[in-house]
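Below is one structure, written out as structure tokens; the observations come after it.
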Amino acid sequence: MSHEKARAVVTPRRRDSLRPNGWPVGAALAGCLVLHAAAAVAGQAEPAATPGASEPAAAASSAATVEAMLNRYCITCHSDGGYAAGRVPVSLQPLDPANVGAHAASWEQVALKLRSRMMPPVGRPRPDEADYDRVASWLEDELDRAAGADPNPGRTVAHRLNRVEYGNAVRDLLGLEVDPEALLPPDDDDEGFDNIADVLSVSPTLMERYLYAARQVSQLALGDAALRPRFDTYQVPDREIQDHHTSDDLPFGTRGGIAVRHYFPLDGEYTIRVGLRRNFYNYIRGIGNVAHQLDVRVDGALVATFIAGGGLSLDAERCIASFCGSSGMGGAEWEWYANHADDDFEVRVPVDAGLRTVAVAFVDHPALEEGVLQPPVDMSTFGYSTDEEMGGEPAVGNVVIGGPFDGETPDDVASRQRLFVCRPADGAAEEACAREIISTLARRAYRRPVTAADVDHLYGFFETARRQADFDAGVRTVLERVLVDPEFLFRIPRPPADADAAVYRIDDIELASRLSFFLWNSIPDDELLALAERGELARPAVLDDQVRRMLADPRSASLAGNFVDRWLELHKIRNVAPDPTIFPAFDQNLRDAMQTETALFMASQLREDRAVVDLLRADDTFLNERLARHYGVPGVYGNHFRRVVLPDDRRAGLLGKASILTLTSYSTRTSVVNRGKWLLERVLGSPPPAPPANVPPLEESAAGAAPTSQRERMEAHRRNPTCAVCHRVMDPLGFALDNFDAIGRWRTTDDPRMPGQRGPVIDASGVMPDGTRFEGPAGLRELLLDRRQEFIRTVTGRLLTYALGRRLEHPDMPVVRQIVRDAEDQDHRWSALIQGIVKSAPFQLRSRGYSSRAAAGHTTAGRR
């Protein structure tokens, strides 16, 4: 039966019933790979196509060309009969190439699979490269044409501020730095992003935290003289090595320690207490016969000096090294000193209100002369956790800042200057001044012009508090009320009253908020809000100027930080835990250096407005001595990060970043699957389907047996028919990065499974389903650069997701392609992509009847 006849007898289906078994369309189409794999391994598949087996395609693609390709390569399996028999998860027979717009969601997935060469599966007849590109391009053109005739910009539901946005909003509203992680719980995420409106729900517990945060912020902002002393503890990670200078915020000539940014709410006295690092049995480390000077500074000014070590008499009876607390004790003098040597490490000092840097560090007088090589600290053993290291170097364990004591309300802190735009001369002037303060505060907090009703409502809170206390208490109560107002915590879409059309343009006020939360993760500033109030922001020239101004502002660093952090999943590096017995070189210093390198690299790409593909090919990065030593790059000294031109192409671009290589590994070994899956999802935009249930784990080498390479173990794993085809796509990508171990070090042999063994030689070659061969990071990089359009579209799609705060749906795909086309003449620089997003229909328009949640049912593959 021909395709045309088959389509004629198919029972008509409702548009909302076209999702097989509740699967998303992408997973349904990709899921066919698993079934094809099972058939191929069982010997039920058709013979593999020979080169040139595809029939010549017409010079110009058309609906007939697409239909011919479906008939030859797809309908054999994706027929109604195959779907009814359960051999495939979706039938493609209902799709009519002559009316692409009728099933746009399914055709978008077909085009994606053709672009990524994921269909037909390996082992099945496949089109040649020209046919792949010709048909995919024709489908995309038709989809773009259909979308242009019937635009659907989508509709976002009410959008709660996530905790990053909350912290930034408080900073820009009040000039007050707060730690949102200490005030609010983590936010849910979707596709890695924590600013997706649909998942930013509100619970009673979260509202309690918002009330708590508002109370804390209002007290800090106004400097409440009745503020009770509180104690904040800053912990130094146990696995941070403190033998060298560790922070640019600490003075040169110091080692170890910690520098913290602490907000002092009042002018008054505060205590700063330092606790030294201790071992498992609570004995202080490194306080033998040598005295170590420990300095405490506030904004660079020395406020206290303590001496750690050297306080024992020479005849003091000590316990056996590393056995203290387990099998014996020392003499009374030693026991007291080893447990209480830091009891007096506390100072009470006057500090003016404001954000200050508190620095605690040892003066660098090492026990041995500089240049004498020492073995690296091995943190992997139980001995390290119990050894008191009396002959070593002491380290800072924590710093506790307490206060205020005898505090006074300051007048010159930024938060009070922002709030008190006027001062009443007498009681008669209080109401007018209070209303001016309220109006100024509410306008910026609500991100719109305020009405008389807004001011009257908030003035009622001022009056109530003022009757019980002073003028400041009234303002503090108003601020606390504003910080829990839905107008502050949510971005609520409001269609214009006179908009009868299904699709309408958002007003300038909402556009200002969209723009500021996209580029700054924060509220609009006065200039942006003033333009919006005058109705001038949406003018193309004005909008272009504002985007350029905002990208040049230091607040745009939040775009590089938060967007990239979430897109590439870099935030997960803080939780990785490589096995210390296998990777003793991994410590907190290295973890921090990995994070900093990637953050500085990405920030420089956006700040310098580089081409997006430079993320893959850039030959420079940012290193300090610790990370340079890890990479084997010579000539980099000190803790300060600086731009370094890499000596070879092993680590060019993102593929060589230790942060990414570590977070895509397991704690004991690398994972070609995790790395391949990460590349498919984050770089190529072609995520594989979820693995089937009950997938057997990867078999490890038996104890005492000759070690096997990860490639050999993966080949055995792929013999399972339910695993084969997905792994044939993922594994080659992951194998190309196998020269990097689980913490990103370069290697030429696989990790041995037993001590004293030499692991198998690394084979970093790969073959893609279309037959393309490559080897190592350099070969993989060239492969990705050859397919740069897929990468650029992926970056654009992710950036659009982040800008809109919602998951992209099929009506957004033509927009992504248009942004990419428009940015081509500017070499796809970041500014061109951002300008394209800001000018796009989803960013400036909204639909009354469409939401990303409802779109889950707006798909077009058949379900019965």
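The values are calculated or read from the model by the stated rules, or taken from the named source; none is laboratory data. These numbers were taken from a predicted model, which means no experiment stands behind them. Every residue, glycine as well, gets a Cβ built from its backbone with ideal geometry; the counts of neighbours run over all protein chains shown. Just so you know, the surface numbers come from the protein's heavy atoms only, side chains and all, with ligands and any DNA or RNA stripped out. Shrake-Rupley method; radii C 1.70, N 1.55, O 1.52, S 1.80 Å.
A few remarks follow.
- Residue-span extension gain [Thr596 to Arg261] - 0.36 nm each, minus C-alpha spacing: 118.8 nm
- When the residues Lys839, Lys113, Lys677 are ordered by accessible surface, computed with a 1.4 Å probe over the protein chains alone, the sequence from largest down reads Lys839, Lys677, Lys113.
- More than 16 Å apart - percent of Cα-Cα pairs taken over the stretch 126-212: 69
- The stretch 468-590: relative contact order as a whole-number percent, Cα under 8 Å and 6+ apart: 16
- Estimated Rh, the stretch 538-608: Kirkwood, alpha-carbon pairs, angstrom: 14.4
- Fraction of accessible area attributable to carbon and sulfur, the stretch 150-234 (%, probe 1.4 Å): 48
- If R0 is 22 Å, the Cβ-Cβ spacing of His340 and Val400 corresponds to a FRET efficiency of close to 0.85.
- Counting only Cβ charges, +1 for Lys and Arg and -1 for Asp and Glu, the dipole size of the stretch 747-841 around its Cα centre is about 300 debye.
- Note on the stretch 152-194: along the principal axes its Cα atoms extend 40, 20, 14 Å, ordered by decreasing extent.
- Under 15 Å from the Asp770 label point (7 Å along Cα→beta-carbon), backbone N, the stretch 123-157: 126-138
- A Stokes-Einstein calculation at 20 °C with viscosity 1.002 mPa s, built on the Kirkwood radius of the stretch 568-658 over Cα pairs, returns a diffusion coefficient of 156 µm²/s.
- For the stretch 440-588, the fraction of C-alpha pairs farther apart than 27 angstrom is 45 percent.
- Estimated FRET transfer efficiency (Arg642, Tyr234; beta-carbon r; R0 25 Å; 0.05): 0.40
- Proportion of all alpha-carbon pairs of the stretch 442-507 beyond 20 Å (%): 42
- Equivalent ellipsoid, the stretch 155-301 (semi-axes from 5 times Cα gyration tensor eigenvalues, Å): 37, 21, 15
- Calculated on alpha-carbon atoms, Rg and Dmax of the stretch 83-240 in Å: 26.3, 78
- Euclidean distance of C-alpha centroids, the stretch 460-509 and the stretch 608-632, integer Å: 45
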